[in-house]
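Here the structure comes first, spelled out in structure tokens, and everything after it is commentary.
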Amino acid sequence: MALSRSLPELAHVISSCTNRIYDAYDDEGIPQPSFDAGADHFSGPFTPAVETSRVKLLEALDELRALIVGPAGHVFFLSFLIPAHTATLHTLYKFEIAKHVPLDGPISYADLASRCGLSESSTQRRVRAAISLRIFSETPAGLVQHNAASLALGTTTLHDWLGMATEELAPAALKIAESTEKHPACDDPAKSSFSIANDGGGEKDLFAIVSKQPHRMERFAKAMAWSMKVPGMEPRYTVDNLGWGNNNCPKVIVDVGGGMGDLCKAMLDTYPNIETAIVEDLPEVAAQGEKAVSPEHKGRLQFQPYSFFTEQVVKNADVYVWRCVLHDWPDSYAETILRNQIPALKPGARLIFNERCLSAPKPRDHVQEQFARACDTHMQSCANAKERTYDDWVSLFAKVDSRFKLQSVTTPLHSALSIIEVVWMEEAQQSESLDAHSQAPIGKATIDEGSIAPSSSGDSKDYLMVPDESGYETSSNGSEMSYAPEKAIALNGSTSKPDSGCREVRIVDSPTRVGRRQWLFDDESD
């Protein structure tokens, strides 16, 4: 495959995807995208097919821009613009500029400067820099007024996210090279680049530093809560894809590090057969959560003080859920956390980790990959931790105890996080079919978007799992394959001729119910 598409190819993708999305807004009664104040904070939600078009559109636009500015220009603009953008965004946060712009009309730069405690010149320069980023707008008379982005910044906890990004993440990221030079291959959170940026020599970890300043802790909590609203991060992707029916729905679930219980509340609302959901977190968080339990969840939702660096206090639950927890910790700490769960586990207990499962770079996935790699960068800078690959997860569980059996890794369509299901076995198990080179039976797949029978509801076809970029081999009846976790080939009926163009499929009826159930491969269509 060529490294880049031609300009006409990209123009075709952009045109066709834009038309699909435009029609979807009208068909679903969603206001068309706008920069005007009061517009929706995020686009959508859409059907899976339309969401796929949105992802493909963003990828094509990003590729087109990089092509148009040229290779050297692309690197230049990244290195030149990012520091300036960060400076502008930090100024907006520090002086709460968006909060000082009236909600009901424009304001002069002089009056805005007075409210912010800045000079008129500095205020005008920073706000006009923000306007170039489509934050705020300026009237023909030279007055400042809100647009959709600045209004969100001034009226929601997006403001807290911006503060965490510019005052916590950015300074730490700039110290990664220094940290790597001082402590090669170090997995001590107290020697992370965040620690160097905040503690000089790097002797304390992020939580030890931030917990001493209540305003930083409060900002951190609000920022994390806001980030769960970002498309692809919403709990619904997890809740709607657990596959719990009347016969396999757990009675007792535990959400480890579950904060105020948002995930458990969604699970209780979706699965009435769950009898008890217990949210574990630090004592002060658990106390707040207990006070906020609503009448509809009373009797089913409980809060329990717990530190996962100690032995698990809730014994014999059916399911233990971990959402974005282990990515905060290096392997040595994650191993300790997992070992602390073992005394509480009964045979057959399930542990569900809602985390990223990174893969190798793909030709047409740069925009989503940028976000995933940014998350990995921040995990490294903040705690010497990481977002893990499939092999990392396999290795982690194997190191802790062979009785942890990795049952499946499922990535719901358009979700940023995977559902990693582990079963606690009574006896140690030998490595089975999650090995990337084992034999796997043919499974059924749902085609969510692509040139193969595109349908918002999905069509069922047979798929074979094959080694990525190595062609494919099949037995005479096409029933078994050697496969790798990044490749799937669709079969036309009973033949072994692959269809082309389908971008994403999700295995929904594999005879083994083991292995990855989402497959992303080369897409030659728009």
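The values are calculated or read from the model by the stated rules, or taken from the named source; none is laboratory data. None of these values were measured; they are calculated from a predicted model. Glycine gets a Cβ as well: all are built from the backbone with ideal geometry, and neighbour counts include every protein chain shown.
Numbers for the structure displayed
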| quantity | calculated |
| --- | --- |
| Qualifying residue in region 284-295 (condition: of a type in the set (Lys, Arg), out of contact with any His (no Cβ under 9 Å at 6 or more places or on another chain) and surrounded by 14 or more Cβ atoms within 10 Å (Cβ to Cβ)) | no |
| Sole exception among (1) touching a helix residue (DSSP H, G or I) at 6+ places or on another chain (Cβ under 7 Å); (2) within 27 Å of ALA286 (Cβ to Cβ); (3) modelled with pLDDT of 90 or more for SER211, by number | (3) |
| Flag for ILE196 being at pLDDT 95 or above, in the same structural domain as ALA223 (by TED's automatic domain parsing) and of a type in the set (Val, Ile, Thr) | no |
| Helices (runs of 4 or more DSSP H) wholly inside region 198-246 containing at least 1 residues that are in contact (Cβ under 8 Å) with a residue 40 or more places away in the chain, within 21 Å of HIS414 (Cβ to Cβ) and not charged (D, E, K, R) | 214-227, 236-239 |
| SER431 at pLDDT below 80, over 30 Å from LYS229 (Cβ atoms) and in a loop (DSSP other than H, G, I, E, B) | yes |
| Close pairs from region 15-29: first in the same structural domain as GLU51 (by TED's automatic domain parsing) and crowded, with 16+ Cβ neighbours inside 10 Å, partner hydroxyl-bearing (Ser, Thr, Tyr) and assigned to a helix (DSSP H, G or I), Cβ under 7 Å, at least 6 apart | CYS17/SER53; ARG20/SER53; ILE21/SER53 |
| Matching residues in region 382-422 - criterion: being outside any helix (DSSP H, G or I) and of a type in the set (Asp, Glu) | GLU387, ASP401, GLU421 |
| Single unsatisfied condition, GLU168 versus (1) surrounded by fewer than 17 Cβ atoms within 10 Å (Cβ to Cβ); (2) within 30 Å of SER132 (Cβ to Cβ) | (1) |
